[in-house]
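Reviewing the structure listed below.
The values are calculated or read from the model by the stated rules, or taken from the named source; none is laboratory data. Please read all numbers here as calculations on a predicted model, not as lab measurements. Cβ sites come from the backbone with ideal geometry, for glycine too, and all protein chains shown count toward neighbours.
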Protein chains: 2
Amino acid sequence: MSKPATNAISPRREEDFPEWYQAVVTAADMAENSEVRGCMVIKPWGYGIWELMQGQLDRMFKATGHKNAYFPLFIPLSYLEKEAEHVAGFAKECAVVTHHRLEVNAEGKLVPTGALTEPLVVRPTSETIIGAAYARWVQSYRDLPVLLNQWANVVRWELRPRIFLRTTEFLWQEGHTAHETEQEALHETRRMLDVYETFARDYLAIPVVTGRKSASERFPGAVDTLCIEAMVQDRKAVQAGTSHFLGQNFAKASGIQYLSRAGKQEYAWTTSWGVSTRLIGTLIMAHSDDDGLVLPPRVAPTQVVIIPIIPRDEQRKEILKACGALAQQIEAEQFHKENIRVEVDQRDITGGNKTWEWIKKGVPVRVEIGPRDLEAGTVFVGRRDRGPKEKQSYPKDGFAAQAPALLQSIQEGIYDRAHAFRRAHTKVIESKEEFYAFFTPKNGEKPEIHGGFALAHWNGSTEVEAKIKEDLKVTIRCIPFEEMLQPGSCIFTGEKSEQRVIFAKSY
Amino acid sequence: MSKPATNAISPRREEDFPEWYQAVVTAADMAENSEVRGCMVIKPWGYGIWELMQGQLDRMFKATGHKNAYFPLFIPLSYLEKEAEHVAGFAKECAVVTHHRLEVNAEGKLVPTGALTEPLVVRPTSETIIGAAYARWVQSYRDLPVLLNQWANVVRWELRPRIFLRTTEFLWQEGHTAHETEQEALHETRRMLDVYETFARDYLAIPVVTGRKSASERFPGAVDTLCIEAMVQDRKAVQAGTSHFLGQNFAKASGIQYLSRAGKQEYAWTTSWGVSTRLIGTLIMAHSDDDGLVLPPRVAPTQVVIIPIIPRDEQRKEILKACGALAQQIEAEQFHKENIRVEVDQRDITGGNKTWEWIKKGVPVRVEIGPRDLEAGTVFVGRRDRGPKEKQSYPKDGFAAQAPALLQSIQEGIYDRAHAFRRAHTKVIESKEEFYAFFTPKNGEKPEIHGGFALAHWNGSTEVEAKIKEDLKVTIRCIPFEEMLQPGSCIFTGEKSEQRVIFAKSY
């Protein structure tokens, strides 16, 4: 057996969380940095997780009345300029196309040529280009609502990229809707946030806090930004999805006007909402351990792996046959109305190496079948939510029928652990001193160790927010919808506070 | 009834084929040009067709052992330069990113800033960037084969764009594989061409010719390019998919080397293969008629539409109820193992307007239910492969059970019609005179009218090919795998010819 002396991932989480994260990504063979700064290569295991996320989100978007469409990658500068806050928010991170040809110059070097009259920006988000289309399509209230989504790549130039969490190019979906009334648009904004919350909870096994952003953390050009915020294992927050109420800002910028029921020209009310491959980073940081990735079964490309243990070559045929037969039985079982995704690892390497590879890849259930199991009519089962040595023997005959319940138990266990972790590191804070202490490492602690989520009263002032950010690198993650909604006094100024807000360090 | 006096689409095909094409796209609400030159907006109906194509191709790729991954949008110039033919082939159509910020200049104008040390090309195809990754991943013969595909957008600057068929940005899939031996790579190249042929035949209902390209029509950098070629209704050819055997060219350019079984460092053998949103354009031109789009059921976002005919408001409730009940019955039926996609058009416009909209959108089956049908227990059914007035009454009770057979009959009928059309316009040509006459409009004919596919002997000379292209705008579409493989004499030079090749005008 090639089991490492301690853990499969080095460093461990408590030793160096950022390095541990990168090591988990590498050990699970999910993705890697490319030579193009900030752009990642998503490898099959990482992309397989993304495909499962996409598939489910797409079904949820369609179930709420949305259709998919596709809009251009390039945005003329003049479009971007139309919404002042929007362009200010994205100007510093735009990749700009200025030429449309290459030629070999006098020195034999390949250089850009064919300068464009108007440079094009590679979309950092598509409000402006989609707004231009909606302005063409919407004439009357009968044309509303427009409920579209697109799956696309976007580019935001990153100076400090971190794989999955913050990359120059990333994959995402962006929903863009236009409505007749403010009320409808507000309803849509909240409805899609609820979709994200449900998805995070039921698929990613991540409990998220829902709420609205403070003014300084809003999407550039939005009236209101709603978000789901997750806590990961270094107690920081990750903004995992956002849903923006854009009011009439973009409708005015793009000219999305319609003839109302009352016969008047009105501007539409619009929303946009998105989640991205950042969800994969969030998933890793929320659940994984010092042996590597831990995948909730519902987003695991392989839910059950069967590992033949073949000490002697003459046993190969019989053991592989038993593995194949069991795989067929398990595949015929359903987990949440889908056939269980099962794989037999037939590679010609030792069973121990195989086991450790699948542990590092986060596969929820490992089933080993060796000569002794064959004789005894048993299988030897490891769960990824338990220690690598904590295996259990099951009678082979009934095992397939138990697989759905086993997966469900793992799915729920992972959620419960994440939920307990967040509860343990969320604290009601009643004074400024307590607040600063909560976010300040104690003697002997690493600088990145801090309390987690602080629920504190705040007077709504952007200046107070800015001071805290400067002092502690702590920001308001959201003004929550459902936690401790009572009014009180701001812990920084003593002024009136409508409700507690959540402060945290964040990615 | 708002039935137009003649046809729903103007101009008709025979009047002006290119204009008819654009009018079909518009009438079906599939896509439109954006203000960014050459970039299209794919609207929900067009994107819905693409999603069905994607879904099926993806299943076929996975069934042949491929997995999906994702590689960067941007390619450093230095990568592109590595394969000389490749860069020469794409240099004239590359969008180049030269800056990564925007700022407001002294005149208050938004301008690019933050010049990149090395400009980046927006991928026109990904052999070079994927090759760089494979060079990192492949060390030993044990790492081979690598069998990956990506779904992505690519950019090739177009000076004469045509929606779906030739756009600056388009959506596609690109498979990229690396193998231990030449034989394996050749097998893969052909296997994926076969996947494309099967998909075109069974889903798009398009009979395609399979073959290899002549040297002058090869993918830049490939040793051999295999293709599927479709004939559309103006008798021109559309290259609908290609599969490239890249030999060791890109492996040498990117450094994809492995330690062989014999312990030697060897270069891998690679392939690439792709189809794009061009398939949608091919589909339109192959099947549609003067009333608009005609969709083969297997790629129709809606396969059956139910249209309530409500002359008097007091009948509304009862008629809508009957429509809803029938929709449920039809949806419960399966067509090729998928539930039938059915929609009830409940909009508040006249039944005649609805009918014409669905005809223009190409929905295979229209079912009308009005008061008289309700009384008689019947439904009134129109098939998109027949004339708009050619409707048939069916007993309502058994109709749902007949829907799968009806859809299959339409699927096959559309294929048979396209196949007969191609046969009728494919001619064996025995002399140069006959060849020139075949591609030259006769007195009184429009200049775009020509014979179709010419099967003629050719001596293999690139000069002869170039002369024909110059004289007639006719090129060799492919050297077919399966048609008239006997040797003979070149009709242009009298020299020896190994087999007939297919000449045609093309998109």
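All conditions in (1) more than 7 Å from every other protein chain (Cβ to nearest Cβ); (2) over 17 Å from B:LEU73 (Cα atoms); (3) at pLDDT 95 or above hold for A:ASN68, with the sole exception of (1).
For region B:168-181, indicate whether the set of residues that are away from chain A (no Cβ under 13 Å), out of contact with any strand residue (DSSP E or B) (no Cβ under 6 Å at 6 or more places or on another chain) and at negative phi is non-empty. Looking through region B:168-181, at least one residue is away from chain A (no Cβ under 13 Å), out of contact with any strand residue (DSSP E or B) (no Cβ under 6 Å at 6 or more places or on another chain) and at negative phi.
Of all the numbered requirements in (1) facing chain B (nearest Cβ under 10 Å); (2) crowded, with 23+ Cβ neighbours inside 10 Å, A:GLU127 misses one, and that requirement is (1).
Against the list (1) assigned to a helix (DSSP H, G or I); (2) under 26 Å from A:LEU283 (Cβ atoms), the condition A:VAL367 fails is (1). Summed over region B:187-237, residues that are closer than 30 Å to B:GLY362 by Cα and either at pLDDT below 95 or not β-branched (Val, Ile, Thr) (or both) total 22. Report, ordered by the first and then the second residue, all pairs with beta carbons closer than 9 Å, sequence separation of six or more or different chains, a first member in region A:60-75 that is on the phi > 0 side of the Ramachandran plot and surrounded by fewer than 18 Cβ atoms within 10 Å (Cβ to Cβ), and a second member that is modelled with pLDDT of 95 or more and not hydrophobic (A, V, I, L, M, F, W, C). Once the first residue is on the phi > 0 side of the Ramachandran plot and surrounded by fewer than 18 Cβ atoms within 10 Å (Cβ to Cβ) and sits in region A:60-75, its partners that are modelled with pLDDT of 95 or more and not hydrophobic (A, V, I, L, M, F, W, C) give A:GLY65/A:PRO145.
Quick check on my filter: what residues within region B:79-108 are more than 9 Å from chain A (Cβ to nearest Cβ) and closer than 30 Å to A:ALA84 by Cβ? Passing the criteria: B:ASN105, B:ALA106, B:GLU107, B:GLY108.
Selection within region B:469-507: residues that are of a type in the set (Ser, Thr, Tyr) and in contact with a helix residue (DSSP H, G or I) (Cβ under 9 Å, 6 or more places away or on another chain). The member of this set that is nearest to B:ARG218 (Cα to Cα) is B:THR475.
You will find that of B:SER288, B:SER243, the residue that is in contact with a strand residue (DSSP E or B) (Cβ under 6 Å, 6 or more places away or on another chain) and hydroxyl-bearing (Ser, Thr, Tyr) is B:SER243 and no other.
Does B:LYS360 satisfy the condition of being outside the structural domain of B:TRP50 (by TED's automatic domain parsing), in contact with a Gly (Cβ under 9 Å, 6 or more places away or on another chain) and more than 30 Å from B:GLY55 (Cβ to Cβ)? Steps first, answer last, please.
Details: outside the structural domain of B:TRP50 (by TED's automatic domain parsing): yes; in contact with a Gly (Cβ under 9 Å, 6 or more places away or on another chain): yes; more than 30 Å from B:GLY55 (Cβ to Cβ): no.
In short, no.
For region A:333-343, how many residues are touching a helix residue (DSSP H, G or I) at 6+ places or on another chain (Cβ under 7 Å) and either surrounded by fewer than 19 Cβ atoms within 10 Å (Cβ to Cβ) or of a type in the set (Asp, Glu) (or both)?
Taking region A:333-343 and keeping what is touching a helix residue (DSSP H, G or I) at 6+ places or on another chain (Cβ under 7 Å), we get A:333-336, A:339-340, A:342.
Then keep just the ones that are either surrounded by fewer than 19 Cβ atoms within 10 Å (Cβ to Cβ) or of a type in the set (Asp, Glu) (or both); that gives A:333-334, A:336, A:339.
Looking only at that region, the number is 4.
The set of residues from region A:230-259 being of a type outside the set (A, V, I, L, M) and under 19 Å from A:GLN173 (Cβ atoms) comprises A:GLN239, A:GLY241, A:THR242, A:SER243, A:HIS244, A:PHE245, A:PHE250. Condition (residue is modelled with pLDDT of 95 or more and under 19 Å from B:ILE49 (Cα atoms)) applied to region B:310-329: is it met by at least one residue? Looking through region B:310-329, none of the residues is modelled with pLDDT of 95 or more and under 19 Å from B:ILE49 (Cα atoms). If you check A:ALA205, A:ALA185, A:ALA215 for being farther than 21 Å from A:ALA69 by Cβ and crowded, with 20+ Cβ neighbours inside 10 Å, only one passes: A:ALA205.
Remark: B:SER461 falls outside the filter, which requires a residue to be closer than 30 Å to B:CYS323 by Cα, surrounded by fewer than 17 Cβ atoms within 10 Å (Cβ to Cβ) and either of a type in the set (A, V, I, L, M) or not assigned by TED's automatic domain parsing to the domain that holds B:ALA325 (or both). One residue stands out among those in region A:6-27 that are hydrophobic (A, V, I, L, M, F, W, C) and either within 14 Å of chain B (Cβ to nearest Cβ) or in a helix (DSSP H, G or I) (or both): the one that is nearest to A:SER276 (Cα to Cα), which is A:VAL25.
Taking region A:396-417 as the range and being of a type in the set (A, V, I, L, M, F, W, C) and over 23 Å from the mean Cα position of the chain (by Cα) as the test, the residues that pass are A:PHE399, A:ALA400, A:ALA401, A:ALA403, A:ALA405, A:LEU406.
Pairing residues of region A:406-429 that are in a helix (DSSP H, G or I) with residues that are among the aromatic types (Phe, Trp, Tyr), at Cβ distances under 8 Å and at least 6 apart in sequence or on separate chains, gives A:LEU407/A:PHE335; A:GLN408/A:PHE335; A:ARG422/A:PHE453. When A:GLY255, A:GLY292 are checked against the criterion of being small (Gly, Ala, Ser) and in the same structural domain as A:ILE42 (by TED's automatic domain parsing), A:GLY255 stands alone in meeting it.
Do we have B:MET30 as farther than 24 Å from B:ALA185 by Cβ, more than 9 Å from chain A (Cβ to nearest Cβ) and not polar (S, T, N, Q) here? Outline the logic, then answer.
Values: farther than 24 Å from B:ALA185 by Cβ: yes; more than 9 Å from chain A (Cβ to nearest Cβ): yes; not polar (S, T, N, Q): yes.
Criteria met by B:MET30.
With respect to B:ALA152, determine if the residue is under 23 Å from the mean Cα position of the chain (by Cα), within 14 Å of chain A (Cβ to nearest Cβ) and closer than 22 Å to B:ALA63 by Cα. It is true that B:ALA152 is under 23 Å from the mean Cα position of the chain (by Cα), within 14 Å of chain A (Cβ to nearest Cβ) and closer than 22 Å to B:ALA63 by Cα.
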